[in-house]
Amino acid sequence: MDISHRNRTLLKVIVLGDSGVGKTSLINQYVYNKYSPQYKATIGADFVTREVQVDDKIVTLQIWDTAGQERFHSLGAAFYRGADCCVLVYDVNINKTFETLNNWHDEFLKQSDANDPEGFPFVLLGNKVDVNGGQTRMVSVKKAKEWCVSRGNMPYFETSAKENYNIEEAFLCAAKTALENE
Ligand code: GTP
Ligand code: MG
């Protein structure tokens, strides 16, 4: 397959969700194949990059990790602007992290200045499905998928950063939906 420079694309992906849901852990698995059980809050925001092949294109994902903690929310519009996809993350074991998805979703659209808010690509990740073998899950797959349908049919993935489960698939989907929206 001919993968030439002409086919290179940079896609900006913003990862949002409550503190502790595993945003940093998912990104660290995806980019560095590393996982740590220690929690270290993200302060502010920073990006890492990874290349991924989508059909005959090599795409560089510029993945922005953000702070879930309220007191670190100081980034605002400048940082969301130019985003090609937004990955929302919640913890399937904590209901509140699912309920706040509405805020993250609406806030993102408000601040990102997307020219077509209805069609903007989002992907939802229900993380930590490994915890207690799923015995402590609070949000059902059905409920999560219903929310996705109500929010413009966004794709849904259940993930585990700890067990490196479904992360490749989730970010590949983010890349694809972002490309389709270009
Ligand atoms: P903020 O930076 O505060 O917004 O949090 P975050 O969303 O980046 O969460 P982080 O990735 O730091 O993970 C929080 C804690 O959950 C850490 O102790 C992780 O090790 C743990 N964790 C993350 N993902 C998983 C997972 O899939 N399974 C389990 N069991 N633990 C996880
Ligand atoms: Mg973090």
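The values are calculated or read from the model by the stated rules, or taken from the named source; none is laboratory data. Fair warning: this is a prediction, and the values are worked out from it, not measured in the lab. Cβ coordinates were reconstructed from backbone atoms using ideal geometry, including for glycine residues, and neighbour counts include every protein chain displayed.
The rows are residues; the columns are (1) modelled with pLDDT of 95 or more; (2) part of a loop (DSSP other than H, G, I, E, B); (3) touching a Leu at 6+ places or on another chain (Cβ under 8 Å).
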| residue | (1), (2), (3) |
| --- | --- |
| D2 | no, yes, no |
| V21 | yes, yes, no |
| L26 | yes, no, yes |
| V31 | yes, no, no |
| P37 | yes, yes, no |
| T42 | no, yes, no |
| D46 | no, no, no |
| R50 | yes, no, yes |
Original post:
Among the residues of segment 77-93, is there at least one that is basic (K, R), away from ligand 2 (no atom under 13 Å from the Cβ) and in contact with an Asp or Glu (Cβ under 6 Å, 6 or more places away or on another chain)?
Top reply: yes
Subject >> Unique match (being small (G, A, S), over 14 Å from G22 (Cβ atoms) and touching a strand residue (DSSP E or B) at 6+ places or on another chain (Cβ under 6 Å)) among A83, A78 >> reply: A83
**OP:** Name the one entry in E146, E163, E158 that is over 18 Å from G17 (Cα atoms), in contact (Cβ under 8 Å) with a residue 12 or more places away in the chain and acidic (D, E).
**Re:** E163
Subject >> Verdict on V129 being without any contact (Cβ under 8 Å) to a residue 40 or more places away in the chain, touching a strand residue (DSSP E or B) at 6+ places or on another chain (Cβ under 6 Å) and among the β-branched types (V, I, T) >> reply: yes
Original post:
Has segment 98-105 got any residue that is more than 14 Å from ligand 2 (Cβ to nearest atom), free of Cβ contacts under 8 Å to residues at least 12 places away in the same chain and in contact with a strand residue (DSSP E or B) (Cβ under 9 Å, 6 or more places away or on another chain)?
Top reply: yes
**OP:** Any residue in segment 11-26 that's near ligand 2 (Cβ under 8 Å from one of its atoms): show its pairings with residues that are of a type in the set (V, I, T) at Cβ separation under 6 Å, as long as the two are six or more apart or on different chains.
**Re:** K23/V15; K23/V89; T24/T42
**OP:** Could you tell me which of the residues N127, N95 is farther than 28 Å from Y32 by Cα and not small (G, A, S)?
**Re:** N95
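Here is a list: Y90, Y80. Which entry is in contact with a helix residue (DSSP H, G or I) (Cβ under 6 Å, 6 or more places away or on another chain) and at pLDDT below 95?
Details: Y90 fails: at pLDDT below 95.
Answer to the selection: Y80.
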Original post:
Residues of segment 160-179 being within 16 Å of T24 (Cα to Cα), of a type outside the set (A, V, I, L, M, F, W, C) and part of a helix (DSSP H, G or I), which ones?
Top reply: E168
Original post:
Counting only residues that are under 15 Å from A170 (Cβ atoms) and without any contact (Cβ under 8 Å) to a residue 40 or more places away in the chain, how many does segment 27-38 have?
Top reply: 2
